[in-house]
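Report on the following structure.
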Amino acid sequence: MAERSPEQPAEPGAQGTAPNRIQLINVLVIREGEQVSSQWGIHPQLKQDLAQTEWQELSEHMNRVTAIVGAKFAQQLSRDEGNAPGHGTA
């Protein structure tokens, strides 16, 4: 998740200030039984502000990111489950 955090947080109740955090991009990994899937999302305004070539480039990078993150998550799950009681090798 990409976030913007200002150096000085806004005073509570300050009018006209930007929020302290804005989620621009996120990656979600979902486990359903033994299946693991990953997907990514982008803030609608950011998507709208991107040129077509920028959107294509971002999509390519994010598809690679989700594939890597999903694979690492699945790998870690299989390691963790292999260490669980009753799942050892004989």
Checklist line | Single unsatisfied condition, GLN52 versus (1) among the polar types (S, T, N, Q); (2) open to solvent by less than 70 Å² (accessible area, probe 1.4 Å); (3) over 30 Å from SER78 (Cα atoms) | finding: (2)
Next item on the list: Among residues belonging to region 6-21 that are over 27 Å from LEU50 (Cβ atoms) and not aliphatic (A, V, I, L, M), point out the one that is modelled with the highest pLDDT.
Entry: GLN15
Next item on the list: Kindly provide the set of residues from region 22-58 that are of a type in the set (Asp, Glu) and at pLDDT 90 or above, ordered by number.
Entry: ASP49, GLU54, GLU57
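The values are calculated or read from the model by the stated rules, or taken from the named source; none is laboratory data. No experiment lies behind these values; they were computed from the predicted model shown. For neighbour counting, all protein chains shown are included, and Cβ atoms are generated from backbone atoms with ideal geometry for every residue, glycine included. With ligands, DNA and RNA removed, areas are computed over all heavy atoms of the protein, side chains included. Shrake-Rupley method; radii C 1.70, N 1.55, O 1.52, S 1.80 Å.
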